[in-house]
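As structure tokens, the structure follows; a few thoughts come after it.
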Amino acid sequence: MTSAAVEPEPAEKRTERQDFRRMWLGQSISLIGDQVSLFALPSLAILVLHADGPQVGVLHAMATLAFPVLGLFVGAFMDRVRCRPYMIAADLLRLLLFATVAILAATGLLDLWLLYAAAALAGVCTVVFDVGYQTHLPRLVGRDLLSLGNARLEMSASVARAGGPALAGAVTQLLGPALAVAANAASFLASAAGLLAVRRPESVVPEPMAEPWRGQILQGARYLWRTPVLRWLSAAAALRNFSMAMVDTVLLLFLYRALDLGPARAAAVLTAGALAAVLGAAVSRVLVERVGAGPVLLATVTEGIVWAAAPLALVTGSASVVIAIAFVSALWLPVWNVTVTTLRQLITPSHLLGRVHATARTVNLCTIPLGSVAGGLLAGWATAHWGERGGLGAALAVAGLVTAAGLPFLLRREIRGLRRPAPSERGLRRPAPSERGLRR
């Protein structure tokens with residue numbers, strides 16, 4: 001018997017996959033640098049500049065303020081241009097910014113105001129890169145590979161969340177926060193190199209400029225609002241991000257000042273928890289296919305609520321409680337990210353993708369600066385009333401419980417009965433009323 005010949009993969013598809021691997025490699029290195037930065041910048045503020053809770057909250061807020069201010073405009077712009085040159089420019093500007101922070105910190109010239117300014121400017125670059133990336137990915141790999149591409153990128157993000165804090169903690173412990181920030185600066189060079197290595201031209205057909213910017217932005221906002229699944233998911237994500245921004249603001253203060261951990265041990269706690277994110281990214285597609293997107297998205301509320309158990313670490317006097325909480329919490333973040341991002345990309349017309357993504361991200365992320373400030377103020381108030389140990393523990397528990405506010409949106413029937421849609425022409429046109437919401 002002769003076996004059937006296997007048809008070779010078309011050259012175009014082979015080039016598509018190779019280009020994605022190049023971009024994926026550079027982005028994976030950059031994601032590790034991002035995690036170093038997320039640990040090193042607040043550690044720099046707490047350990048070197050002696051920042052208190054409200055000041056740490058302001059630092060977190062400045063890093064994410066650009067999205068609610070600029071996100072919609074960037075989304076409309078990215079739908080009309082080739083995204084890759086702007087993503088490369090954003091990487092190189094972040095390289096310059098973080099290198100400058102590292103030099104100022106090493107020479108003793110850094111203060112909180114300069115750190116705030118650097119975080120805010122880097123946030124602008126992040127908006128350009130993030131919107132450009134989500135708009136560029138479907139142009140690079142095609143809609144049939146979106147789920148796989150998003151899952152691989154989320155896997156890289158999960159690995160970065162696992163390894164980045166450990167690297168940052170070790171560098172911070174041994175050499176100081178300044179060199180940890182410098183390591184982050186170097187990572188953006190790798191991201192730019194990965195984008196430069198992509199060979200396939202980025203094709204985009206700009207819309208005519210007959211409609212002003214305001215009208216173009218409103219097209220994305222109207223599409224998101226009129227599509228129930230996107231509307232409810234954005235509302236739930238906004239409340240989730242508010243809660244988790246509070247958690248992120250209080251957490252390092254809790255580890256450093258309530259549990260009296262050094263940078264290396266604090267980073268080890270975060271690393272142990274983030275290992276779960278690798279598992280979450282690996283099983284996200286299987287969970288959605290077997291259980292359905294609706295039930296899976298509902299289960300992701302666990303990410304925040306589990307932090308209500310944080311005060312137990314003060315009772316036991318052991319960091320193992322925080323390790324267990326971080327593990328359970330981190331498991332659900334990549335599951336949410338892969339599922340929601342893929343759904344949005346599949347049901348949004350390609351000519352609106354940048355604007356819809358920017359609108360969703362603006363709604364989702366506009367609450368992070370508010371949550372960061374709220375977490376800092378809550379930490380300051382609770383510390384003043386109950387001391388650093390009890391106050392920071394209570395603040396962390398309350399911050400996690402706020403996540404439950406998003407449950408009413410995830411319990412809507414459009415979300416409860418949601419199943420993963422197959423790639424189709426649905427995303428290439430305006431959905432009919434029966435398609436909106438992707439009801440089962």
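Just so you know, all these numbers are worked out from the coordinates, no wet-lab data involved. Computed from a predicted model, the values in this text were never measured in an experiment. Heads up, the Cβs are rebuilt from the backbone with ideal geometry, glycines too, and the neighbour counts pull from every protein chain shown.
Can you tell me the order of 30-42, 392-404 when each peptide is scored by its average per-residue count of other Cβ atoms within 10 angstrom, highest first?
Result, highest mean first: 30-42, 392-404.
Debye sum, Cα scatterers, region 19-71, no solvent: what log₁₀ I/I(0) at q = 0.14, 0.17, 0.22, 0.25 1/Å?
Ignoring solvent entirely, the Cα scatterers give -0.53, -0.69, -0.86, -0.93.
Applying a 10 Å radius around every beta-carbon, put 279-285, 242-248 in order of their mean neighbour count, most first.
For the peptides 279-285, 242-248, the packing ranking is 242-248, 279-285.
Residue by residue through region 84-93, what is 3J(HN,Hα) from phi via Karplus (6.51 cos²θ - 1.76 cosθ + 1.60, θ = phi - 60°)? Round to whole Hz and write x for glycine and proline.
Karplus values, whole Hz, x for Gly and Pro: 4, x, 6, 5, 5, 4, 5, 4, 5, 5.
In whole Å, how far is the Cα centre of region 326-403 from that of region 102-120?
26
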